[in-house]
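Beneath this line is the structure, given in structure tokens, with notes to follow.
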Amino acid sequence: MYRFLMGTVTAADTLQGGVSGPPVLLTPAVGDANVQEKWFRLLGYAAPFYTEEDPQLAGEMIWTWKRGGAPVEDNGAYPLPLVALLYPQPNLPEQQPALGSVHYPDIGYVIFRSGEQNLQHYAIYEASPLTYHAHHDEGHFSIWANGVSVTLDSGTGGYYNGDRHWYVSGAAHNVVQFDDKSGRFANGPLRSNCKEVRFSEELDYVRSRIPDANAREYERNFVFIKAGFDVYLVWDRIEGAADSVWNLHTLSTRAEITEQCIDAACLSSMRMSAHIAEPVRPVITMREGALGGNYPLAAQQHFRVYGGNSDYVILLHPRIEDSPSLQLEHLDYGEAAEGVRLYKITRSDGAWFIAAINGTGQSRHITVPDLGPLRLLGEPETAEPGQPEPMGLRLEAGRIHIAMPR
């Protein structure tokens, strides 16, 4: 339990730290959890009991507890005031835990980090075999960038004040909803199946099957592209005739919407851009959605991208305000096969990568001569020493591949 609390810590959140205090680690607000519940108090209470049995664990608990604000107060549900007075020992030795990307398959969370020395970029993704408290949030993600939360799980509101129907709904989360043929976008399933997780220094990847009753087949691919970019690519592979809508919430105060992009002005001088590669010319609406937790905004901006029965391919780019946005373009190539498409994402300094999406049920081998030799991020090299560098890419069925110049 204590390893889980430490392993799921967010980036050091500047919003929760406040103007006068340092940034603090949080346990992420997911489902019925909210950031003000201060779960790190458990680490402060328990660490003294492990100083002899497992001093490393005790040191890591103290390090995490302190960077979580060293809370001792209870949440009020089970008040134990003597625990807060008797057990915490702030002077115990502390040790920073190894915090990297991690998957908790039995619980259903995938955590994405950009490396132990750079914990300011963080995302949590849900692909859970459990129902929890019946939130329709399978495939949901929350993202921190530069210590600022830019898109969050809605958490929960009061249990008995009538607002809980919003917090458990699919619309309150960053998920796809499908038309149930009654003219209403329905809530999705309460469980999903994580089919694949890959972690590497340059790329993290999760693919999950979400068994929505209104889609013949639906898989969400969520990719964290590091390698100097720190951006996220989401591909929702959808089969079936039902119309759908793609939900995105941003902790922002205003936004500009163009034909293929949402650019939200987030807090602490951050921006969050959503570049929509698919569908082409979607209808995009903007509302607000309530947010649980002690954040400066009580509601996030809520965007809905209406895609008909199309797949969704959307690049999420959190960045500091006034820094250049990325450019996304569709590439045509001579050996195009149905279901295979390429997108080129370029940074202002000219650096670029290719997102190659194989939407078919078979592996494909493609060659794009104009781009020169490419290498796939997060996958082993196949060239033999002394042999020419391969010009083509082998694309596995039903996956995104990220390629960069050699």
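Values in this text are rule-based calculations from the coordinates and carry no lab data. None of these values were measured; they are calculated from a predicted model. Glycine gets a Cβ as well: all are built from the backbone with ideal geometry, and neighbour counts include every protein chain shown.
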*Under the rule of -39500 (n - 2.57) per DSSP H run of 4 or more residues, summed and divided by the residues of the chain, what mean residue ellipticity at 222 nm is obtained, to the nearest 500 deg cm²/dmol?*
-2500 deg cm²/dmol
*Would you work out the relative contact order for the chain, in percent, from Cα pairs under 8 angstrom that are 6 or more residues apart?*
10
*asked:* Please state the shape class of region 235-334: rounded when a/c is under 1.5, otherwise prolate if a/b exceeds b/c and oblate if not, all from the C-alpha gyration tensor.
replied: oblate
*Taking 7 Å along the Cα-to-C-beta vector as the label spot, tell me the ARG287-ARG216 distance in nanometres, rounded to one decimal.*
3.0
*Taking a ≥ b ≥ c as the square roots of the eigenvalues of the Cα gyration tensor of region 285-342, is the shape rounded (a/c under 1.5), prolate (a/b larger than b/c) or oblate?*
oblate
_Relative contact order %, region 279-320, counting alpha carbon pairs below 8 Å whose residues are six or more apart_ = 41
*Among GLN362, GLN327, GLN177, which one moves the most in a GNM of the chain with springs linking Cα atoms closer than 10 Å?*
GLN362
*Which lysines have a Cα lying under 16 Å from the Cα of LYS66, excluding residues fewer than 8 positions away in the same chain?*
LYS38
*Evaluate the distance, in nm, between pseudo-label points positioned 7 Å from the Cα of LEU331 and of ALA134 along their respective Cα→Cβ axes.*
4.8
*Expressed as an acute angle from 0 to 90° and rounded to the nearest 10, what is the orientation of the C-alpha long axis of helix 55-67 relative to the principal long axis of the chain?*
80
_Label-point separation in nm, GLN56 to SER269, each point 7 Å along Cα→Cβ_ = 4.0
*May I ask you to list the aspartates and glutamates whose Cα is less than 12 Å away from that of LYS195, ignoring any residue fewer than eight positions away on the same chain?*
GLU219
